[in-house]
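Notes for the one structure printed next.
The values are calculated or read from the model by the stated rules, or taken from the named source; none is laboratory data. Values in this document were obtained by computation on a predicted structure and should not be read as measured data. We place every Cβ from the backbone using ideal geometry, glycine too, and count neighbours over all the protein chains shown.
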Amino acid sequence: MMRKESIKISGMSCAACANRIEKGLNKLEGVNQANVNLAVEKATVDFDDRLTNPDKFEEIIKKLGYGVIKETPAGENQVELKITGMSCAACSAKIEKSLNKMDGVDQAAVNLTTERARVKYDVSRVKVSEMIRTIQALGYEAEKAEDISRDQEQEQRQKEIRQLRMTLIISAVLSAPLLLA
């Protein structure tokens, strides 16, 4: 029987991400059509439930490196944290693993590209401030994403770009003699 399923996805940062997920879902046997909307971070899949199921969609999305956000039941909450200081996939994996080990955290997904973590947690067992302290103990900076204005975020990105540009210039100057020799 044909069914339609909507899946909330985290970690998409561009149209190529959405296209990649869409192609991955459309390759599954039993999927009639999959559409991914980057703006609302959602995939809509028409499928034959005799041939496939939503668990397979989730598996494909996770294999492609993105997160699936499930609806939060009563008593649970979801928070988005802005994390700075990550430089590689190992950094984000370390943070994600530490958050997932916390008592009261049901699911944590850290995205290196967007420098954000989405955490689904039980409000009666863990506080956002405890999650932030856990991340800071690992050597990274974290704060609740809602606490950051667009201007502050833009300012942080500009600062990071200036630092990267300076590193590139210094590297180029120091590498030039090696190339000319």
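Checked across the stretch 166-181, the condition of being within 19 Å of LYS82 (Cα to Cα) and polar (S, T, N, Q) holds for no residue.
Condition check for ALA93 on (1) within 21 Å of ILE135 (Cβ to Cβ); (2) touching a strand residue (DSSP E or B) at 6+ places or on another chain (Cβ under 7 Å): one failure, at (2).
Considering the stretch 1-109, the qualifying strands (runs of 3 or more DSSP E), each wholly inside and each with 1 or more residues that are of a type in the set (D, E, K, R) and over 30 Å from GLN154 (Cβ atoms), run over 2-10, 42-48, 76-84. Of all the listed residues (VAL128, VAL110), the sole one being surrounded by fewer than 18 Cβ atoms within 10 Å (Cβ to Cβ), closer than 27 Å to GLY65 by Cβ and β-branched (Val, Ile, Thr) is VAL128. Within the stretch 134-167, the residues that satisfy the criterion of being modelled with pLDDT of 85 or more, surrounded by 12 or more Cβ atoms within 10 Å (Cβ to Cβ), outside any strand (DSSP E or B) and not hydrophobic (A, V, I, L, M, F, W, C) are THR134, GLN136, TYR140. Summed over the stretch 110-132, residues that are assigned to a helix (DSSP H, G or I) and out of contact with any strand residue (DSSP E or B) (no Cβ under 8 Å at 6 or more places or on another chain) total 2.
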